[in-house]
Amino acid sequence: VILFDPSGSIFNDRKKHADSKSFFNTSRVYGRTFEHDWKRGTETKRFSKFLTIHDARIKSGEMTIDKALKEVKTLMKKNTKLLLQSFQYYCIMSPGMGGYGSGSTNIHQNAYMKFLNQVQGSRDKVDDDRFQELVRTFLTVNLVEDKKDASAKFNQVNSLLKQEWIEVIARVAVILNNAYEKGNTTVTESIADVFGMMRSNLPTEAIEDDDD
């Protein structure tokens, strides 16, 4: 077995220029990345409305939207590496370049469709109506609420940005929960289930941290 030594390789400058100041990412880097993505991905009115509709505790007045958001955020943050690795994998599965050279930084619709099929594994796939809901999620999350915002220029409507992957996972989780009649009454429970499905059904490259 020949072990690779990154010292002296093209990766050597990571020790100086990377945020981690190391060959590998650190928990601090992962934490900062998640916080940025979470803020950008959930500050829309659309996400709060989604939680209100699909979380029984909010509808009954048992829990506020802020508390539900905090609960979802805690779960998502614990699974930061899975979110990042899966996003990266399906970016790679998106051929071609578009707009600002998004071929390797965004998830295009063909790769999203691949994700939908793979995450369900070998079990019976959802019926056509539910599958169309899953397909429409790609379009829903791509809607830009504030087109005057500076970031809107880089938010292409034909592909998913990293922060949008957070909302996609949440919406896919709820749709699959309803399709398989799992009986979850909270968005958090549904997301936990879909994380389990991702770990069980997605290719190894989509779930294992590159640094491990």
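Taken together, the values in this text are just the output of simple stated rules run on the coordinates, not laboratory data. This structure is a prediction, so every number in the text was calculated from the model and none was measured. As a convention, Cβ positions derive from the backbone with ideal geometry for all residues, glycine included, and neighbour counts pool all protein chains shown.
Observations on the structure shown:
- For the chain, the percent of C-alpha pairs falling in each 5 Å distance bin, counted from 0 to the bin holding the largest distance, reads 1, 6, 14, 17, 19, 17, 12, 7, 3, 2, 1, 0.
- nm² value of the averaged projected area, convex hull over the Cα atoms of the range 15-114: 8.4
- When you count the other C-beta atoms within 10 angstrom of each residue and take the mean per peptide, 194-204, 166-176 line up highest first as 166-176, 194-204.
- Relative protection proxy for 182-190, 67-75, from highest mean packing down: 182-190, 67-75 (other beta-carbon atoms within 10 angstrom).
- Rough spin-label spacing in nm, given labels placed 7 Å along Cα→Cβ, for S22 and K182: 3.2
- Across all directions, the average projected area of the convex hull around the alpha carbons of the range 1-74 is 8.0 nm².
- Pairs over the 20 Å Cα-Cα cut-off, from the set K49/K81; K45/K125; K39/K162: K49/K81; K45/K125.
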